[in-house]
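Asks: Mind looking over this structure? Questions follow.
The values are calculated or read from the model by the stated rules, or taken from the named source; none is laboratory data. Here the structure is a predicted model, which is why all the values come from computation and not from measurement. Cβ placement follows ideal geometry from the backbone for every residue including glycine, while neighbour counts extend to all protein chains displayed. Keep in mind that these areas ignore ligands, DNA and RNA; they rest on the heavy atoms of the full protein, side chains included. Shrake-Rupley method; radii C 1.70, N 1.55, O 1.52, S 1.80 Å.
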Amino acid sequence: MMQRAALLEKVLNSGVVSVVRAESPEKAMKIVEAVVAGGITSIELTYSVPRANEVIAELVAKYAETAVVIGAGTVLDPTSARLAILAGAQFIVSPSFSIAVAKMCNLYQIPYVPGILTPREAQEALEYGSELIKLFPGDITGPQMIKDLKGPFPYLNILPSGGVNVNNVADWFAAGAAVVSAGGGVTAPAASDDYAAVTVNAQAFMTAFHMARG
């Protein structure tokens with residue numbers, strides 16, 4: 001199996017992608033450890049984390065022999081994408097679609113997950129090889145948007161980002177989400193260094209995912 005297909009499958013099988021933002025590399029590592037302890041295996045480490053590339057490299061090494069897959073988030077340009085990929089990032093996430101980033105990811109056979117909000121953007125992302133797209137901001141569109149997009153684009157794998165919480169995970173999957181993205185809903189307690197609560201939140205999300213998937 002091609003590397004990109006294998007990596008994409010890990011993300012899709014994980015059910016939940018945890019978006020990790022932190023003000024220091026050390027804190028980012030602690031948050032990821034707490035999230036993984038709760039059963040979430042897809043991590044999107046945002047480029048807002050200081051020295052993000054070093055953190056990605058450390059995480060990739062730490063979880064090399066596990067189901068955990070480490071991606072880079074908030075990637076806005078091809079240079080950042082290339083640096084993240086060289087550091088070991090296993091998927092790349094952007095808030096919007098970029099042709100240059102898509103080409104860079106295709107070159108290195110890494111899944112590119114761009115943010116889209118319109119059918120036009122969905123089509124462009126598909127044309128440039130994205131097999132998973134991020135519906136963003138999901139809190140604006142709601143789950144119905146996934147149903148609407150899957151009419152003209154039945155093969156579109158959609159990751160809603162924004163507006164996903166433990167109580168509506170089932171609604172998103174019922175609407176056709178391939179996987180969901182969770183930010184503060186999982187990691188918020190880390191702001192007060194309560195990593196045990198982060199783990200509890202991660203467990204709750206995974207329970208909601210397994211119930212939604214039956």
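Asks: Could you look at the chain and say what percent of its accessible area is carbon and sulfur, using a 1.4 Å probe and all protein chains?
Replies: Solvent-exposed carbon and sulfur of the chain make up 56 percent of the total.
Asks: Something else now. Viscosity 1.567 mPa s, temperature 4 °C: Stokes-Einstein D of segment 58-107 from its Kirkwood Cα radius, in µm² per second?
Replies: Approximately 116 µm²/s, per Stokes-Einstein.
Asks: What number, in nm² with one decimal, is the all-direction average of the projected area of the convex hull of the alpha-carbon atoms of the chain? Each step should come with its number before you reach the end.
Replies: Numbers: hull surface 42.3 nm².
For the chain, the mean projected area of the Cα convex hull comes to 10.6 nm².
Asks: Here's another thing I want to ask about it. Determine the equivalent ellipsoid of segment 108-214 by diagonalising the alpha-carbon gyration tensor, then write out the semi-axes as square roots of 5 times the eigenvalues, largest first, rounded to whole Å.
Replies: Largest first, segment 108-214 gives 26, 16, 12 Å.
Asks: Something else about it: Can you tally the lysine pairs in the chain where the Cα-Cα distance is under 17 Å and the two residues are eight or more apart, or on different chains? Write down the numbers at each step before the final one.
Replies: On the way: K10/K62; K10/K134; K27/K62; K30/K62; K134/K147; K134/K150.
Value for the chain: 6.
Asks: Out of every Cα-Cα pair in segment 65-141, what percent are more than 17 Å apart?
Replies: 39 percent
Asks: Taking R0 as 22 Å, what's the FRET efficiency between E127 and Q3 from their Cβ-Cβ distance, rounded to 0.05?
Replies: E between E127 and Q3, to the nearest 0.05, is 0.55.
Asks: List the GluC sites (Glu not before Pro) within segment 107-214 that DSSP assigns to loop and that have no more than 15 neighbouring Cβ atoms inside 10 Å.
Replies: Qualifying residues, ordered by number: none.
Asks: Over the heavy atoms of T41, what accessible area does a 1.4 Å probe trace out, to the nearest 10 Å²?
Replies: Spelled out: T41, probe radius 1.4 Å, area about 40 Å².
Asks: Based on the alpha-carbon gyration tensor of segment 159-214, what equivalent-ellipsoid semi-axes (square roots of 5 times the eigenvalues) come out, in whole Å, largest first?
Replies: The answer is 22, 12, 7 Å, longest axis first.
Asks: I'd like the accessible area for R4, computed on protein heavy atoms only with a 1.4 Å probe and all protein chains in place. Round to 10 Å², please.
Replies: Spelled out: R4, probe radius 1.4 Å, area about 40 Å².
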